[in-house]
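One structure below.
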Amino acid sequence: MTALSSRHIISMDDLSADDITLILDTAESFAEVNERRIKKLPTLRGRTVINLFLEPSTRTRTSFEIAAKRLSADAINMTGSASATVKGESLRDTAATLSAMACDLIVVRHSYAGAPHVLTECMDAHVVNGGDGMHQHPTQALLDLFTMRRRASRLEGLTVGIVGDIAHSRVAGSLVPALLTVGATPVIIAPPTLLPARPDVLGAEVSTSLDEALPALDVAYMLRIQMERAEGMPFPSLREYARFYGMNEARLAAAKPDMFVMHPGPMNRGVEVSSGVADSPRTVVLDQVNAGVAVRMAVMYLLLGGEGGGAAA
Ligand code: NCD
């Protein structure tokens, strides 16, 4: 298989197990390029990629931009305050304008779940969801799978605890179906107030106790508390949350010796993870960031119809 089955990547439902394997294998070849002194390939020369980021972002936006530039595409960044949306332009009009400029691929981050789908209806460009509201963040799930596969040498059969703010997390919204597709076992671990009634995370096992779930985990994936999306504080205090749902040295010691810790960033040290754990070799957050560039290169390359074997092209 050398092509993706979908023109767009809006949610993990767009991707089959074969699609995921193709993306991860292609990303491996780009990861190798990212270790060279000269990191640029001519593959997407003459193609235009727009990063339309209407919600805050550091690593996702930068990593899409670096990915596009390493493939020699022309990458244009539009952020919330710099785009006409602050002047009241509708998303459809913004999309029509960008379409008229003949962009080939657009990455969109938006607070409205469904915004990337709207773009697919009014643009010819390929659309990649860079995070839409509380819905999905598929390239995050893909880079997480890439990181897990490298660290654990497999995906099938891994038990992955996803800990914390499931209710508001688009990261969980993509990671749960992604894990199910590759034959891993997602376990959602959260206080009852942060457990959602969301269909996209159904299919995961559910626990309200990190200490009870911990011994079975191969991976502990800690989510950021989404203060900006929560109405009021969904638990008594951050200290209380850290005590019951934070990853700390004592919990690391009680886990399987090869269990490792992940976090999508930005990390609240002392809340989801203690500072000691954040800096420990059992935490792979920087590997995740590193994987982000290779995986986004693979996604752009495959959507824009690159031929040949990834970095070899
Ligand atoms: C995530 C996001 O924005 O959804 N961050 C990211 O993309 N690295 C997770 C978060 O903000 O908690």
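Please go through the stretch 102-143 and give me each residue that is surrounded by fewer than 23 Cβ atoms within 10 Å (Cβ to Cβ) and within 11 Å of the ligand (Cβ to nearest atom), ordered by number.
Correct list: Ser111, Gly133, Met134, His135.
Going by the structure shown, is Arg109 of a type outside the set (Val, Ile, Thr) and not assigned by TED's automatic domain parsing to the domain that holds Ala75? Break it down into steps so the answer makes sense when it comes.
Working: of a type outside the set (Val, Ile, Thr): yes; not assigned by TED's automatic domain parsing to the domain that holds Ala75: no.
Answer is no for this residue.
Quick test of your reading of the structure: Glu205 fulfils all but one of (1) open to solvent by 30 Å² or more (accessible area, probe 1.4 Å); (2) outside any strand (DSSP E or B). Name the failing condition by number.
Checking Glu205 against (1) open to solvent by 30 Å² or more (accessible area, probe 1.4 Å); (2) outside any strand (DSSP E or B), the one that fails is (2).
Check Thr60 against each of (1) open to solvent by less than 20 Å² (accessible area, probe 1.4 Å); (2) β-branched (Val, Ile, Thr); (3) over 19 Å from Thr147 (Cα atoms) and name the one condition it does not meet.
(3)
Assess whether Gly164 counts as being in contact (Cβ under 8 Å) with a residue 24 or more places away in the chain and either in contact with a Cys (Cβ under 9 Å, 6 or more places away or on another chain) or loosely packed, with under 14 Cβ neighbours inside 10 Å (or both). Reasoning before the result, please.
On the way: in contact (Cβ under 8 Å) with a residue 24 or more places away in the chain: yes; either in contact with a Cys (Cβ under 9 Å, 6 or more places away or on another chain) or loosely packed, with under 14 Cβ neighbours inside 10 Å (or both): no.
Spelling it out, it is not the case that Gly164 is in contact (Cβ under 8 Å) with a residue 24 or more places away in the chain and either in contact with a Cys (Cβ under 9 Å, 6 or more places away or on another chain) or loosely packed, with under 14 Cβ neighbours inside 10 Å (or both).
Please name all residue pairs, on different chains or six or more residues apart, with Cβ atoms under 6 Å, provided the first residue is in the stretch 2-25 and is farther than 16 Å from Ile106 by Cβ and the second residue is crowded, with 21+ Cβ neighbours inside 10 Å and hydroxyl-bearing (Ser, Thr, Tyr).
These pairs meet every condition: Met12/Ser174.
Return yes when Glu55 is among the charged types (D, E, K, R) and open to solvent by less than 40 Å² (accessible area, probe 1.4 Å) and no when it is not.
Working: among the charged types (D, E, K, R): yes; open to solvent by less than 40 Å² (accessible area, probe 1.4 Å): yes.
So Glu55 fits the description; yes.
Return the pair list, or none, for Cβ contacts closer than 9 Å from residues in the stretch 59-70 that are under 14 Å from Leu105 (Cβ atoms) and small (Gly, Ala, Ser) to residues that are open to solvent by less than 60 Å² (accessible area, probe 1.4 Å) and within 9 Å of the ligand (Cβ to nearest atom), at least 6 apart or on different chains.
As it stands, the answer is Ala67/Gly292, since those pairs meet every condition given.
When the residues of the stretch 156-181 are narrowed to those that are hydroxyl-bearing (Ser, Thr, Tyr) and touching a Ser or Thr at 6+ places or on another chain (Cβ under 9 Å), which ends up nearest to the ligand (Cβ to nearest atom)?
To start, the set of residues in the stretch 156-181 that are hydroxyl-bearing (Ser, Thr, Tyr) comprises 159, 169, 174, 181.
Right, trim to touching a Ser or Thr at 6+ places or on another chain (Cβ under 9 Å) and you get 159, 174, 181.
On the way: Thr159: 22, Ser174: 9, Thr181: 20 Å.
Residue satisfying both the conditions and the ranking: Ser174.
If we scan the stretch 252-265, do we find a residue that is at pLDDT below 95 and open to solvent by less than 70 Å² (accessible area, probe 1.4 Å)? Before the answer, list the steps.
Narrowing the stretch 252-265 to residues at pLDDT below 95: 265.
Next, only the ones that are open to solvent by less than 70 Å² (accessible area, probe 1.4 Å) stay: 265.
Checking the stretch 252-265: at least one residue is at pLDDT below 95 and open to solvent by less than 70 Å² (accessible area, probe 1.4 Å).
Can you confirm whether Ser153 is closer than 29 Å to Asp25 by Cα and away from the ligand (no atom under 16 Å from the Cβ)?
Numbers: closer than 29 Å to Asp25 by Cα: yes; away from the ligand (no atom under 16 Å from the Cβ): yes.
Yes; evaluated as a whole, the condition is true for this residue.
Quick test for you: out of Arg224, Arg239, Arg229, Arg251, pick the one residue that is among the basic types (Lys, Arg), within 15 Å of the ligand (Cβ to nearest atom), over 17 Å from the mean Cα position of the chain (by Cα) and within 24 Å of Thr208 (Cβ to Cβ). Full working, then the answer.
On the way: Arg224 fails: over 17 Å from the mean Cα position of the chain (by Cα); Arg239 fails: within 15 Å of the ligand (Cβ to nearest atom); Arg251 fails: within 15 Å of the ligand (Cβ to nearest atom).
It is Arg229.
Inside the stretch 4-45, can you point out the residues that are open to solvent by 60 Å² or more (accessible area, probe 1.4 Å) and either closer than 24 Å to Cys103 by Cβ or assigned to a loop (DSSP other than H, G, I, E, B) (or both)?
Scanning the stretch 4-45 gives Ser5, Arg7, Glu35, Arg36, Arg37, Ile38, Lys39, Lys40, Pro42, Arg45.
Which numbered condition in (1) away from the ligand (no atom under 16 Å from the Cβ); (2) assigned to a loop (DSSP other than H, G, I, E, B) is the only one that Ser57 fails?
(1)
The values are calculated or read from the model by the stated rules, or taken from the named source; none is laboratory data. Just so you know, these numbers come straight off a predicted model, no measurement behind them. Neighbour counts are summed over all protein chains in view; Cβ atoms, including those assigned to glycine, are modelled from backbone coordinates with ideal geometry. These accessible areas exclude ligands, DNA and RNA; they are computed on the full protein's heavy atoms, side chains included. Shrake-Rupley method; radii C 1.70, N 1.55, O 1.52, S 1.80 Å.
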